[in-house]
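Notes to accompany the following structure.
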Amino acid sequence: MQNEKAIINLRFKSNLTIEKVCEISNTRKNLLKNTKGLVSLFLYINEETNTIGGTYIFKNLQLARTYLKQFLTDGLGPKYGVIPMTLKIDVASLKDEIQGKNI
């Protein structure tokens with residue numbers, strides 16, 4: 001369905017240092033907070049594999065695809081030093097959510 005929340009999981013290796021990628025992400029925080037339809041974003045780093053990624057949750061699939069198109073065409077990939085052959089992208093509709101108890 002078009003009104004279900006959507007998820008983008010994007011991961012890649014970069015020709016930049018992890019510190020530099022984190023610096024770029026940090027400077028873009030306010031811009032990301034104002035991304036149309038973005039509900040939440042989790043950024044992650046796997047130091048064992050030098051993989052950097054983000055899991056984005058959007059209000060719907062159309063808004064998720066709009067953001068992804070912008071990421072790919074507006075030069076954000078090169079800005080993060082994405083090594084093209086390492087870029088992996090999954091886009092899907094969210095079907096269920098389970099929230100853990102706060103301990």
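Computed from the coordinates by the stated procedures, all read-outs in this text should not be read as laboratory data. As the structure is a computational prediction, the values presented were derived from the model and not from experiment. Positions of Cβ are backbone-derived with ideal geometry, glycine not excepted, and every protein chain shown enters the neighbour counts.
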Candidates per GluC sites (Glu not before Pro) in the stretch 13-68, loop by DSSP, up to 14 other Cβ within 10 Å: Glu47, Glu48
Acute angle (nearest 10 degrees) that the helix 61-73 long axis makes with the longest principal axis of the chain, alpha-carbon atoms: 10
Average Cα contact separation per residue, the stretch 6-93, under 8 Å, 6 or more apart, as relative contact order %: 52
Under the Karplus curve 6.51 cos²θ - 1.76 cosθ + 1.60, θ = phi - 60°, whole-Hz ³J(HN,Hα) for the stretch 28-43, x wherever Gly or Pro sits: 9, 3, 5, 5, 5, 4, 9, 5, 4, x, 6, 8, 7, 9, 10, 9
Theoretical gain in end-to-end length, Ile89 to Lys33 [0.36 nm per residue, Cα-Cα removed]: 18.1 nm
At R0 = 22 Å, FRET efficiency that the Cβ-Cβ distance of Asp96 and Phe42 yields, to 0.05: 0.80
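Taking only DSSP H segments of four or more residues, each worth -39500 (n - 2.57), what value at 222 nm results for the chain once the sum is divided by all its residues, to the nearest 500 deg cm²/dmol?
Mean residue ellipticity at 222 nm (helix-derived): -8500 deg cm²/dmol.
If each residue of separation counts as 0.36 nm, what is the full-extension length gain between Cys22 and Asn9 once their alpha-carbon separation is subtracted? Walk me through the numbers before you get to the answer.
Values: separation 13, 0.36 × 13 = 4.68 nm, distance 1.73 nm.
Contour length minus the Cα-Cα distance gives 3.0 nm.
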The chain: radius of gyration over Cα atoms, expressed as a fraction of 2.2 N^0.38 Å: 1.11
